[in-house]
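Asks: Here it is, the structure in full.
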Ligand SMILES: Nc1ncnc2c1ncn2[C@@H]1O[C@H](COP(=O)(O)OP(=O)(O)O)[C@@H](O)[C@H]1O
Ligand SMILES: [Mg+2]
């Protein structure tokens with residue numbers, strides 16, 4: 001019998017609601033009443049392995065059958081876990097997250113963003129966050145989560161954000177991509193994504209005509225790295241942005257919205273780059289990307305293919321301040337050391353060293 005047990009991902013929701021059902025207003029109150037520490041209770045609820053006896057005790061107090069809800073290792077598993085080969089590892093530390101199953105948290109932001117996109121007129125939003133805070137990952141998630149088949153998601157992951165996701169067209173524009181930096185290139189790309197005919201010449205006037213005549217279903221244009229577009233692309237000038245604004249506000253029946261990602265507020269950014277287009281005033285809601293909540297961070301940590309012990313989980317939470325990239329880096333280092341069979345704390349040093357390049361995330365003055 002394993003010394004530690006964890007809740008299977010598909011039972012996490014049930015476990016959370018069991019707390020309420022049994023009259024506990026908070027995890028803290030529950031831990032005070034039953035004995036095991038608050039961090040043990042938190043780990044239990046987040047699906048992180050805890051001591052076998054604590055697991056049984058908590059289940060009993062919550063009226064849950066521990067055999068039912070525990071995570072069961074596949075029967076035929078080799079005695080020692082296979083070293084992960086990168087492909088199988090959910091820990092991603094370089095590129096933005098593009099597959100929804102590897103994306104964690106941002107529940108609050110997602111709720112607000114989808115709320116503004118599920119009713120007419122669709123509304124424009126800006127996502128502001130420091131470099132490496134997770135802006136691009138969030139844009140990809142918005143685009144993909146509502147139409148990703150359930151079997152490609154984690155069991156507890158919410159995807160029913162929109163009433164008719166199949167009607168939506170999402171267009172991801174990376175303004176760092178050279179092809180997007182000319183007017184014609186960008187307009188052509190948008191038309192092709194909308195499956196509309198590309199006029200010749202593909203200039204702003206023709207583009208406006210084609211889109212206002214043919215756009216009848218909800219469409220969201222995600223503009224990543226917009227400040228690059230403003231700084232480096234003379235063709236994307238005020239009249240260009242002004243046309244896009246007018247398209248969204250007057251010519252598409254409320255079917256078109258923009259979500260942009262930027263390290264600073266759109267108005268400041270326009271100002272600093274010498275732009276004056278009203279385009280930058282249409283962003284009625286701004287999501288500021290900070291760290292994840294502790295619960296979200298614990299879920300990310302629990303996705304490690306080898307469970308971490310309590311002490312490691314607490315250390316990772318503290319050192320990362322729950323920033324997703326820092327969590328990923330520290331989890332990766334811990335996982336690597338466990339796969340190598342190391343049982344000391346030497347991985348701490350390497351983890352902190354790897355985090356150094358992203359220390360700006362921990363700099364609280366610039367947080368929002
Ligand atoms: N929601 C998330 N869940 C898991 N990891 C994330 C999440 N958001 C960001 N990350 C981590 O942070 C890194 C940087 O994210 P990214 O989206 O590229 O940031 P930005 O676009 O703000 O520079 C990613 O490589 C990934 O490791
Ligand atoms: Mg980015």
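Asks: From Cα pairs below 8 angstrom and at least 6 apart in sequence, can you work out the relative contact order of the chain, rounded to a whole percent?
Replies: The value is 20 percent.
Asks: If we count other beta carbons within 10 Å of each Cβ, what is the order of 233, 322, fewest first?
Replies: Least crowded to most crowded, the residues run 233, 322.
Asks: Quick one: grab the alpha carbon gyration tensor of region 128-233, order the square roots of its eigenvalues as a ≥ b ≥ c, and give me rounded if a/c is under 1.5, else prolate or oblate depending on whether a/b is larger than b/c.
Replies: Judged from the Cα gyration tensor, region 128-233 comes out oblate (a/c at least 1.5, b/c at or above a/b).
Asks: Next up: Using alpha carbon centroids, what distance separates region 9-76 and region 323-364, in Å?
Replies: Spelled out, the Cα-based centre of one part sits 27 Å from the other.
Asks: Would you give the gap between the C-alpha center of region 168-200 and the C-alpha center of region 240-286, rounded to a whole Å?
Replies: Cα centres, region 168-200 to region 240-286: 17 Å.
Asks: Right, another one. Below 8 Å, C-alpha to C-alpha, sequence gap of six or more: please give me the relative contact order for region 106-288 in percent.
Replies: Over region 106-288, the number comes to 33 percent.
Asks: At 0.36 nm per residue, minus the direct Cα-Cα distance, what do residue 237 and residue 3 gain on full extension? Give it in nm, one decimal, please.
Replies: 77.9 nm
Asks: Another question about this same structure. Please report 296, 242 as a ranked list, fewest other C-beta atoms within 10 angstrom at the top and most at the bottom.
Replies: Least to most surrounded, the residues fall as 242, 296.
Asks: If you don't mind, another one. What residue among 283, 358, 258 has the largest mean-square fluctuation in a Gaussian network model of the chain, using Cα springs under 10 Å?
Replies: With Cα springs under 10 Å in the chain, the top fluctuation among 283, 358, 258 is at 358.
Asks: Report, in degrees rounded to the nearest 10, the 0 to 90 angle that the Cα long axis of helix 310-320 makes with the longest principal axis of the chain.
Replies: Around 30 degrees separate the two axes.
Asks: Would you please put 46-56, 158-168 in order of how densely packed they are, using the mean number of other Cβ atoms within 10 angstrom per residue and starting with the highest?
Replies: 46-56, 158-168
Asks: Please give the direction-averaged projected area of the C-alpha convex hull for the chain, in square nanometres with one decimal.
Replies: 20.7 nm²
Asks: Compare 266, 234, 90 in a GNM of the chain, Cα atoms joined below 10 Å, and give the one with the largest fluctuation.
Replies: 234
Every number in this text was worked out from the coordinates using simple rules, so none of it is lab data. The model shown is predicted, which means the values in this text are computed figures rather than measured ones. In this analysis, Cβ positions are derived from the backbone assuming ideal geometry, glycine residues included, and neighbour counts consider all displayed protein chains.
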